[in-house]
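The values are calculated or read from the model by the stated rules, or taken from the named source; none is laboratory data. Everything numeric here is computed off the predicted structure, so don't read it as measured data. All Cβ positions, glycine included, derive from the backbone under ideal geometry; neighbour counts span all protein chains shown.
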Amino acid sequence: MGVRERLARRAAREIRHGMVVNLGIGIPTLVPGFVPPDVQVLFHSESGILGYGGRPRPGLEDPYMINAGGEPVTALPGASYFDSAIAFGMIRRGRLDMTILGALQVSARGDLANWLVPGRRVPGMGGAMELAQKAKRVVVVTTHTARDGEPKILAECSYPLTARAAVDLIITEMAVIEVTPSGLVLREVAAAYTVDQVIAATGAPLRIPPVVDRYGEDEGRA
Amino acid sequence: MDVGMQAATGKVVSLDRALSVITDGVALMYGGFGGVGTPPTLVEGILEKGVRNLTLIGNDAGMPEVGVGPLIVNRRVARLIATHIGSNPVAGELMHRGELEVEFSPQGTLAERIRAGGMGLGGILVDVGLGTVAEKGRQQLAVGGRSYLVEPALVADVAIVYAARADLLGNLVYEKTARNFNPLVAMAGRVTIAEAGEIVPLGALDPETIVTPGVFIDMVVQSRGIKWKWSWE
């Protein structure tokens, strides 16, 4: 199991039965594969569907059916279609229980930057501002550091923000970190890492509670 | 059928007639999400006609060969108001070279700005983007003790949409996630052209299922078929 899959599997554990959940593009799109069958979720997509299911078998894709990442999806029983204004009305009105998003940077206060790398990559914010600001719970899945080794979890974001004080939980290949009103709290450390390694790779103060859980110890088991 | 109805059925026109209103420099609004739901026959016609200096208003820049992507790749667009251009790398290159002006809007905000334009409103109040660059150039208002950005409504010279089915009055029915921005865009054009997969007689659409009433639609053209390609191809 690769890093992307491990992150998606840990993020899937945040999902509870009956939730309405939106998944960002990238690693979050892998999350449904790790949600247990007895946990029923309504997945929301900005493309205009609530209640989408997995990818159809090759050759059975419907050209009229995509999720926000442009991937082919199916409609589950109970699904509904709607226009883009309603798709975002649901978000703004607070009807989404959770969104799982990627990140470029997250600050100690939960500020999120995930739409623009100044001077390099300017894809645009798409629906990320609404999702980050308005979903009841915002879970970020990201590598702990950037490709150049720089921390992505920082005292302050240097990239333009998607939303302020938005993130509730950060899941990386090293750790699970909760954003609280008094700062970042280390909740879990991945099996392959130590608390000190996590602290060294994090660019913001990290509170270490007496009990820090391990995650990913059953990796490799069936 | 009375005389008024007969006149109204004149909405079904040739592609050439529809393209006659799309000229150099117009503001063109389009439906579609990643190209799905963007009217392919109209986009191809605009490209072949050689129209230049367009302002495009819609969700995204498509992909290089899908949606409005070919208009951008072939340098027909001077300005783009959109939420996302990541799926069309050429759009990003042109923007960095200063050959394409891009104004970004959060997706839900753009949808409501278009809807407001179509509904005859002056704009919307929205708190999404407060504390970010989305504030830039926007008036702020306090209503009920809360702060909002004033986002002006958007209308366009011409709006183009794709519908699965249209009747002779321009009543439209969409299909699945190809609906997306289309019903909003359909209302916000000074002239709106609907490209339809199928054009049916009056009475063939159940009035309960019509999403866009034909009163918003000026012209209907027959689609030559959808050509959307998706990320899995």
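Quick notes
- Test: residue in the range A:38-60 that is of a type in the set (S, T, N, Q), within 12 Å of chain B (Cβ to nearest Cβ) and either free of Cβ contacts under 8 Å to residues at least 60 places away in the same chain or in contact with a Gly (Cβ under 6 Å, 6 or more places away or on another chain) (or both): yes
- The residue that is farthest from the other protein chains (Cβ to nearest Cβ), among those in the range B:178-208 that are under 13 Å from B:Ile160 (Cβ atoms) and part of a loop (DSSP other than H, G, I, E, B), is B:Ala188.
- Selected residue [in contact with an Asp or Glu (Cβ under 6 Å, 6 or more places away or on another chain) and away from chain B (no Cβ under 14 Å)] from A:Val176, A:Val140: A:Val176
- The range A:65-89: number of residues that are surrounded by fewer than 20 Cβ atoms within 10 Å (Cβ to Cβ), in a loop (DSSP other than H, G, I, E, B) and modelled with pLDDT of 95 or more: 1
- Qualifying residue in the range A:73-84 (condition: free of Cβ contacts under 8 Å to residues at least 60 places away in the same chain, farther than 30 Å from A:Glu188 by Cβ and of a type in the set (Asp, Glu)): yes
- The range A:70-81, residues that are facing another protein chain (nearest Cβ under 7 Å) and under 18 Å from A:Val20 (Cα atoms): A:Tyr81
- Of the helices (runs of 4 or more DSSP H) lying entirely inside the range B:1-118, not one contains at least 3 residues that are in contact with a strand residue (DSSP E or B) (Cβ under 6 Å, 6 or more places away or on another chain) and among the acidic types (Asp, Glu).
- Residue that is away from chain A (no Cβ under 11 Å), surrounded by fewer than 23 Cβ atoms within 10 Å (Cβ to Cβ) and small (Gly, Ala, Ser), where the choices are B:Gly86, B:Gly131, B:Gly117, B:Gly144: B:Gly144
- Within the range A:115-141, being in contact (Cβ under 8 Å) with a residue 60 or more places away in the chain and assigned to a loop (DSSP other than H, G, I, E, B) holds for A:Gly126, A:Gly127, A:Ala135.
- For the range A:32-51, a residue qualifies if it is outside any loop (DSSP other than H, G, I, E, B) and in contact with a Ser or Thr (Cβ under 6 Å, 6 or more places away or on another chain), and the qualifying residues are A:Ile49, A:Leu50.
- Against the criterion of being within 14 Å of chain A (Cβ to nearest Cβ) and touching a helix residue (DSSP H, G or I) at 6+ places or on another chain (Cβ under 6 Å), B:Val211 qualifies.
- Unique match (being at pLDDT below 95 and under 14 Å from A:Pro123 (Cβ atoms)) among B:Gly131, B:Gly92, B:Gly86: B:Gly86
- A:Ala165 surrounded by fewer than 18 Cβ atoms within 10 Å (Cβ to Cβ) and within 14 Å of another protein chain (Cβ to nearest Cβ): yes
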